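First the structure, in the form of structure tokens, and then the observations on it.
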Amino acid sequence: MLARFLYSLLLTLAAPLLLYSLYKKKQGKPSVGKRWKEHFGFTPAIPNCKQPIWIHAASVGETIAVTPLIKQLKYRRPDVDIVLTTTTSTGAEQAERLGDLVTHRYTPVDFSFAISKFIQVIKPSQLIIVETELWPNTLNVVGKAGIPVTLLNARLSEKSYRGYKKVLPLFIPMARQLSKVLCQYHDDAERFYNLGVDKEKLVVTGSIKFDISITDAVLTQGNQLREQLGIDRPVWIAASTHEGEDKQLLSVHRQLLSCIPECLLIIVPRHPERFSDVAKLSQELGFLTVTRSSGNAIEHETQVYLGDTMGEMLTLMQASDVCFMGGSLIGKKVGGHNLLEPAALGIPTLTGPSYYNFTDITHALVAADACKITDNEESIVSQLKVWLMDKQQRQASGQQALSVVSTNTGAINQSLAQIDLD
């Protein structure tokens, strides 16, 4: 009780900064607009919606990850209503792509009064939290309301585990409120157990991210884009890059151009508010740059193609030969991004040394020779040369990537078997 009181006090002090970051206007970032009240529990009622399943996905990545499960859930139980909450406006934009499958609401900030108001209006039958978005007051209020809580696709890195150990008096009450924890891997389950989660609540279901469904439309659009880029032209993509990485990867591309003059880089910043900054950086560094949003033709002389649109990452990857995954070159700040999307397309990948958020996936791909861990520009250039210049070796690594994905599918079915849909 004391731990949660102190947490609530700190949250009150930090709330202005948190809300400022949510509402701050940035180019390319969708606006919360008049819906800001939802963050305080003033949630509009949903007509003809009775005891929906409440699924919480913090932002874009979690929303994308849970989308196949939502589709499968609705296929099995079309009568079940789903309320999908996100914290961010970019997550909300991604949720809107699901159309009638869900009703989107912003999740309230972790104040007890806000969560209580939300529950009174929505009246959820259960709460499913994607990955490890644990909020003390939310779980306390939900628990008091008798609402079962399932942690879906749960992961707990060694870094997060050490962090929670430091605040055990805060974590243990949260652990008591969890009905089931559906873990990605045995290592995750062991860490949750060491933090006090009852063993009977822990189930290893695998990662739902392996159950990637690549639509025919994505493949067609990607192949059409590749025709525009040049079928025989070596193309690599730097996906989900963060500030501090773009300059390094553009430097890598300059070195590649010295030995593969026709090479093209597709660069896709992780956050839409950085699109214009990266375009400007590329042009200032002297690269002939075309942005996807401009609709301009890609000429033979084009050296950099900026992916500055939302929801087209798979299309851009399908048009590429090799993928470098961003969020992995800037120390321990981010911890990498999901390598399974390029792997599901049969594309070999490179990552920087910081990939702690996807350790198991990365190691599985590395063991299959489908991914290489690179420490610096020199090693990135070296491996890109190998895969871009040796089609046979590149295709062999791509096939191994596909094998890793297909071997690990099935997590969605296992997860749904653990969720009460009656």
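The values are calculated or read from the model by the stated rules, or taken from the named source; none is laboratory data. The model shown is predicted, which means the values in this text are computed figures rather than measured ones. Here the Cβ is made from the backbone with ideal geometry for all residues, glycine too, and neighbour counts use every protein chain on show. Keep in mind that these areas ignore ligands, DNA and RNA; they rest on the heavy atoms of the full protein, side chains included. Shrake-Rupley method; radii C 1.70, N 1.55, O 1.52, S 1.80 Å.
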Defining a contact as two alpha carbons under 8 Å apart and six or more residues distant in sequence, what relative contact order in percent does the chain show? 12
Under the Karplus relation with 6.51, -1.76 and 1.60 and θ = phi - 60°, whole-Hz ³J(HN,Hα) for region 355-362, x at Gly and Pro, equal 9, 5, 6, 9, 4, 5, 5, 4
Solvent-accessible surface (1.4 angstrom probe) belonging to Lys37, in square angstrom, nearest 10: 100
Taking the chain and counting helices only, DSSP H stretches of n ≥ 4 at -39,500 (n - 2.57) each over all residues, the nearest-500 ellipticity at 222 nm comes to -13500 deg cm²/dmol
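Hey, what did region 179-226 get for relative contact order, percent, Cα under 8 Å, at least 6 apart? Could the numbers behind the result be given before it?
Values: 33 pairs, mean separation 19.4, N = 48.
Relative contact order, region 179-226: 40 percent.
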In debye to the nearest 20, the charge dipole size for the chain, taken about the Cα centre with +1 at each Lys and Arg Cβ and -1 at each Asp and Glu Cβ, equals 1540
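Dipole of region 1-137, Cα-centred, from +1 at each Lys and Arg C-beta and -1 at each Asp and Glu C-beta, to the nearest 20 debye?
300
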With unit charges on the beta carbon (Lys/Arg positive, Asp/Glu negative), name the residue among Leu257, Ala343, Trp236 whose Cα is farthest towards the positive pole of the charge dipole of region 221-349. Ala343
Could you list which residues have their amide H under 5 Å from that of Leu350, counting only those 5 or more apart in sequence or on another chain, with H placed in the peptide plane? Cys323, Phe324, Met325, Lys372
For Ile231 and Tyr161 in one chain, what is 0.36 nm times their gap in residues minus the Cα-Cα distance, to one decimal in nm? 20.6 nm
Going 7 Å from the Cα of Leu421 in the Cα-to-Cβ direction, what parts of region 61-89 have a backbone nitrogen less than 18 Å from that spot? 66-84
Which residue, Asn48, Val60, Leu182, has the largest displacement toward the positive end of the dipole of the chain when charges sit on each Cβ (Lys, Arg +1; Asp, Glu -1)? Asn48
Percentage of Cα-Cα pair distances in region 172-309 greater than 17 Å, rounded to whole percent? 68
Using only Cα atoms and rounding to the nearest 10 degrees, what angle (0 to 90) does helix 246-259 make with the longest principal axis of the chain? 30
Distance from the Cα centre of region 303-379 to that of region 177-248, in angstrom? 10
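Taking all protein chains together and a probe of 1.4 Å, list Arg226, Arg76, Arg162 from the most accessible to the least accessible.
The ranking, largest first, comes out as Arg162, Arg76, Arg226.
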Between Val121 and Asn413, what is the label-point separation in nm under the 7 Å Cα-to-beta-carbon projection? 3.9
Indicate the gyration tensor shape class of region 233-334 (rounded, prolate or oblate), computed on the Cα atoms with a ≥ b ≥ c the square roots of the eigenvalues: a/c under 1.5 is rounded; otherwise a/b larger than b/c is prolate and the rest oblate. rounded
Ordering His271, His253 by accessible area with a probe of 1.4 Å, largest first, what comes out? His271, His253
Where region 265-381 is the region considered: accessible area per residue in Å², 1.4 Å probe: 37
Taking only the alpha-carbon atoms of region 1-64, what semi-axes of the equivalent ellipsoid follow from 5 times the gyration tensor eigenvalues under a square root, in whole Å, largest first? 24, 21, 13
Cα centre as origin, Lys/Arg/Asp/Glu Cβ charges: region 1-70 dipole, Debye: 300
Phi angles of region 82-97, converted by Karplus (6.51 cos²θ - 1.76 cosθ + 1.60, θ = phi - 60°) into ³J(HN,Hα) in whole Hz with x for Gly and Pro, give 10, 9, 9, 10, 9, 8, 9, 6, 5, x, 4, 4, 5, 5, 4, 5
Within the set Ile46, Ile147, Ile347, GNM on the chain using Cα springs under 10 Å gives the largest fluctuation to Ile46
Expressed in square angstrom to the nearest 10, the accessible area of Glu284 with a 1.4 Å probe stands at 130
Residue farthest toward the positive end of the dipole of region 279-332, with Cβ of Lys/Arg at +1 and Asp/Glu at -1: which of Val304, Gly286, Met325? Met325
Please report the carbon-and-sulfur percent of the accessible area for region 291-422; probe 1.4 Å, protein heavy atoms only, DNA, RNA and ligands left out. 44
Under 18 Å from the Asp277 label point (7 Å along Cα→beta-carbon), backbone N, region 323-352: 326-336
Give the peptides 332-339, 374-381 in descending order of average Cβ contacts within 10 Å, highest first. 332-339, 374-381
